[in-house]
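Presented below is the structure to which this report refers.
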């Protein structure tokens, strides 16, 4: 039996736990969905996960909703998206991402050929800039979820 989905929601793994998961994710060749909702992961944890995404070639779905990821973490994830060739869904619902983080993600989306769903609602993105996010010229079709 092969593990393809891992749900670790509500485990309070924090940045330290994200570091260990990222180490395992770098070399993993079977996991396609990783759900880390409500785990107190901040910018440092997002950086660890982003570093793993640069090398991982199987993960298609990453749920990071209801964590503590801010603009710095969004920048790390955006940088990883430019190199990752498999991630199709990134859920960043209910984090601390503001307009600065939005800019990083928009830049990455211009070059991403695989991401099809980005969920950013319940963050700290202002209404006007949230509207501008949906107007990004891109090479692929992306579904933004903003409310």
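The values are calculated or read from the model by the stated rules, or taken from the named source; none is laboratory data. The structure presented is a predicted model; accordingly, all values stated were derived computationally and were not measured. No Cβ is skipped: glycine too gets one built from the backbone with ideal geometry, and neighbour counts run over all protein chains shown.
Odds and ends about this structure:
To keep it simple, each residue is scored yes or no on (1) on the phi < 0 side of the Ramachandran plot; (2) touching a residue at least 40 places away in the same chain (Cβ under 8 Å); (3) touching a strand residue (DSSP E or B) at 6+ places or on another chain (Cβ under 6 Å).
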position: 40; (1), (2), (3): no, no, no
position: 47; (1), (2), (3): yes, no, no
position: 53; (1), (2), (3): yes, no, no
position: 67; (1), (2), (3): yes, no, no
position: 84; (1), (2), (3): yes, no, no
position: 93; (1), (2), (3): yes, yes, yes
position: 122; (1), (2), (3): no, no, no
position: 126; (1), (2), (3): yes, no, no
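- Residue check, residue 98 buried (at least 16 other Cβ atoms within 10 Å of the Cβ), modelled with pLDDT of 90 or more, touching a helix residue (DSSP H, G or I) at 6+ places or on another chain (Cβ under 9 Å) and under 20 Å from residue 16 (Cα atoms): no
- Residue 46 being farther than 22 Å from residue 1 by Cα and within 10 Å of the chain's Cα centre (by Cα): yes
Condition check ((1) within 19 Å of residue 111 (Cβ to Cβ); (2) modelled with pLDDT of 95 or more) across all residues:
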site: 50; (1), (2): yes, yes
site: 60; (1), (2): yes, yes
site: 63; (1), (2): no, yes
site: 75; (1), (2): yes, yes
site: 80; (1), (2): yes, yes
site: 85; (1), (2): yes, no
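- Residues in segment 1-27 that are touching a strand residue (DSSP E or B) at 6+ places or on another chain (Cβ under 9 Å) and either at pLDDT below 95 or part of a helix (DSSP H, G or I) (or both): 21, 25.
- Among (1) modelled with pLDDT of 95 or more; (2) in contact with a strand residue (DSSP E or B) (Cβ under 7 Å, 6 or more places away or on another chain); (3) farther than 23 Å from residue 10 by Cβ - the single one residue 143 does not satisfy: (1)
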